[in-house]
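Engineer: Shown below is the structure under consideration.
Coordinate-derived values only; no laboratory data. None of these values were measured; they are calculated from a predicted model. Cβ placement follows ideal geometry from the backbone for every residue including glycine, while neighbour counts extend to all protein chains displayed.
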Amino acid sequence: MAGLKPINFGIIGLGAGTMNMLPELSANPNAKIVAAADTRKDALDRFTKDFAGQAYSNPEDLCKDPNVEVVYVMTPDEYHAEHTILAAEHGKQVILDKPMGLTLDQCDAIIESTERNGTRVLVGHSQSLDLVNLKIAEIANSGELGNVTMIHTMFYSDWIYRPRAREELVQERGGSIVRRQGPIQVDIVRMIGGGLVKSVRANTNCVDPQRPIDGSFNAFLDFENGSSATVIYDGYGHFNSAELTYGYTLQGFQMDPELHVNSRKKIEGFGSLEEEELFKDSTRYGGSLNRSINQRVSEERRHAFFGFTIVSCEKGDIRQTPTGLIIYGDYGNTEVPIPAGAGYNRRYCAIEVDEMCRALRESTPVRIHDANWGKATQEVVLGIIASSEQRKEIFMEHQVAYNGQGVS
Ligand SMILES: NC(=O)c1ccc[n+]([C@@H]2O[C@H](COP(=O)([O-])OP(=O)(O)OC[C@H]3O[C@@H](n4cnc5c(N)ncnc54)[C@H](O)[C@@H]3O)[C@@H](O)[C@H]2O)c1
């Protein structure tokens with residue numbers, strides 16, 4: 001797509017997540033950031049300086065801006081549906097950060113609005129769309145190793161001890177590791193397993209009363225095609241699953257052995273929730289830490305690991321490496337390199353942005369993580385919560401097949 005005119009993007013929500021995503025989005029030749037909306041003046045002031053774009057103090061004005069073609073929704077989870085629908089009602093395409101909505105009713109409202117307005121929704125930013133995960137899904141769905149029999153994915157991190165805003169520590173407002181991180185793991189296993197989950201059995205755990213949200217879960221997904229997946233996330237900052245992934249982390253760098261202890265100490269060091277919120281505010285776009293948006297390329301970076309994933313097929317097993325993946329076959333191993341230039345630096349929304357731009361230019365739907373896919377993933381996420389509460393198997397009704405073959 002080199003040489004094509006960039007597509008104009010507007011961002012709603014200039015918070016900590018956007019701060020992580022901006023280095024990638026601002027360097028993407030397919031995208032031009034032309035507008036942003038936030039309620040924080042500091043964020044809007046910085047945006048005007050960094051991008052010379054239009055800064056809006058409310059999302060509706062951004063959605064009315066005729067210059068904006070794609071709206072990137074990065075507000076807190078409880079606003080995802082509201083802001084996506086607002087954009088669709090103004091005829092805009094949307095890349096929406098996961099989760100798609102807090103409830104299936106919210107997902108349905110998004111689908112209704114986008115279908116009526118003839119607009120697209122792509123539910124990202126999901127590390128399931130990192131190049132290695134796309135390649136694993138491609139091999140698994142191609143049948144070249146026979147049927148998929150089992151998928152295991154597990155992540156052990158310090159997630160619960162990262163600085164939070166008040167609403168993130170309230171289960172019903174979108175807090176909980178299941179709602180925030182679950183969509184990524186569910187996307188990964190649904191992509192590899194073909195998409196159609198039949199039922200879910202799970203347990204979730206809340207073990208730290210100071211952080212009154214679920215911080216770990218254990219789920220078993222049964223697929224319509226007979227394969228199954230175990231999905232585990234433990235965010236309590238004890239074991240670090242980078243030990244299982246060649247020492248490489250979610251950022252694609254070597255792990256810091258002290259990270260988990262330091263995360264816990266940092267949270268304990270805040271005297272109050274207000275102090276913790278102030279710290280989180282400093283990390284946001286426009287916050288006092290003044291983080292740079294030019295930190296993309298690094299020689300040390302390798303492919304990012306969203307924990308450890310291994311896929312068993314009839315004729316071989318697949319796992320990720322720092323530079324691609326390995327197939328453990330019947331008579332030996334085959335390494336499949338995924339090149340650095342196109343890989344290590346294409347993280348945080350690169351695939352989502354490229355796919356949305358392609359769909360717009362070619363006047364087609366998005367091929368991956370569209371609104372129906374996002375709803376199906378959210379159904380599984382909510383199924384994990386319901387299964388734990390009711391201590392029983394929950395059956396799925398809104399699943400859709402994986403159709404992302406060829407996206408990379
Ligand atoms: N923190 C991360 O590293 C990270 C990474 C990836 C994705 N995400 C996702 O990004 C989303 C936001 O999380 P976050 O950590 O960046 O939160 P945050 O609180 O740091 O950022 C949210 C931003 O939205 C703004 N905002 C809130 N309500 C608004 C409204 N009504 N209109 C306009 N702006 C409004 C806030 O001022 C803030 O700048 C979540 O869905 C989260 O799952 C976060």
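Engineer: For labels at I310 and E144 in the simple 7 Å Cα→Cβ model, what's the distance in nm?
Structural biologist: 2.2 nm
Engineer: Take the residue pairs K32/K375; K49/K266; K32/K92; K41/K375 and return only those whose Cα atoms are more than 22 Å apart.
Structural biologist: The pairs that break the limit, which is 22 Å between Cα atoms, are K32/K375; K49/K266; K41/K375.
Engineer: Please give, to one decimal in nm, the separation of the simple spin-label points placed at L360 and N403, each 7 Å out from Cα toward the Cβ.
Structural biologist: A separation of 2.2 nm, rounded to one decimal place.
Engineer: Quote the convex hull volume per residue of the range 215-301, based on C-alpha atoms, as a whole number of Å³.
Structural biologist: Hull volume over Cα atoms, normalised by residue count, gives 184 Å³.
Engineer: Once you compute Rg and the Kirkwood Rh from C-alpha atoms, what is the Rg to Rh ratio for the range 201-258?
Structural biologist: Result: Rg/Rh = 1.08.
Engineer: Against the globular-protein guess of 2.2 N^0.38 Å, express the Cα radius of gyration of the range 251-408 as a ratio, rounded to two decimals.
Structural biologist: Relative to the 2.2 N^0.38 Å estimate, the range 251-408 comes out at 1.37.
Engineer: Right, another one. Please identify the trypsin sites (Lys or Arg not before Pro) of the range 350-404 that satisfy two criteria: DSSP loop assignment and at most 16 other Cβ atoms within 10 Å. Which are they?
Structural biologist: Those that pass, being in a loop and sparsely packed, are R367, R391, K392.
Engineer: Note the direction-averaged projected area, equal to a quarter of the hull surface, for the Cα convex hull of the range 368-408, in nm².
Structural biologist: Answer in nm², one decimal: 3.2.
Engineer: Averaging over all projection directions, find the projected area of the Cα convex hull of the range 37-107 and quote it in nm² with one decimal place.
Structural biologist: Mean orientational projected area (the range 37-107, Cα hull): 4.7 nm².
Engineer: If you don't mind, another one. Determine which residues of the range 262-292 fall in the zone a paramagnetic label at D208 would reach in this model, i.e. backbone nitrogen under 13 Å from the point 7 Å along Cα→Cβ.
Structural biologist: Answer for the range 262-292: 262-270.
Engineer: Right, next: So if I take the alpha carbon set of the range 258-330, get Rg, then get Rh from the Kirkwood formula, what is the Rg over Rh ratio?
Structural biologist: 1.19
Engineer: Could I ask something else about it? Based only on Cα atoms, what Rg/Rh ratio does the range 80-137 have, Rh being taken as Kirkwood's radius?
Structural biologist: In the range 80-137, Rg relative to Rh is 1.05.
Engineer: At V336 and S282, where each label point lies 7 Å from the Cα along Cα→Cβ, what is the point-to-point distance in nanometres?
Structural biologist: Simple spin-label model gives 4.4 nm for this pair.
Engineer: Turning to a different aspect of this structure: Return the aspartates and glutamates within reach of K135: Cα separation strictly under 17 angstrom, same-chain partners fewer than 8 residues apart disregarded; answer none if there are no such residues.
Structural biologist: Filter leaves E144, D187, D317, E335, E352, D354, E355.
Engineer: Once you mark the GluC sites (Glu not before Pro) that are in a DSSP loop and have at most 16 other Cβ atoms within 10 Å, what is the longest gap between them in the chain?
Structural biologist: 1-223
Engineer: To continue, here is another question. With no solvent and one point per C-alpha, what does the Debye sum give as log10 I(q)/I(0) for the chain at q = 0.07, 0.08 Å⁻¹?
Structural biologist: Computed log10 I(q)/I(0) values: -0.30, -0.40.
Engineer: Ignoring everything except DSSP H segments at least 4 long, calculate the 222 nm mean residue ellipticity for the chain; use -39,500 (n - 2.57) per segment, divide by total residues, nearest 500.
Structural biologist: That calculation yields -10500 deg cm²/dmol at 222 nm.
Engineer: Over the chain, what is the percentage of antiparallel beta bridges among all DSSP beta bridges, to the nearest 5?
Structural biologist: The antiparallel fraction comes to roughly 60 percent.
Engineer: When the gyration tensor of the range 30-169 is built from Cα positions, what are the square roots of 5 times its three eigenvalues, in whole Å, from largest to smallest?
Structural biologist: On the way: eigenvalues 196, 83, 55 Å².
After scaling each eigenvalue by five and taking roots: 31, 20, 17 Å.
Engineer: Write down the Kirkwood hydrodynamic radius of the range 105-213, to one decimal in angstroms, obtained as one divided by the mean of 1/r over all alpha carbon pairs.
Structural biologist: 16.7 Å
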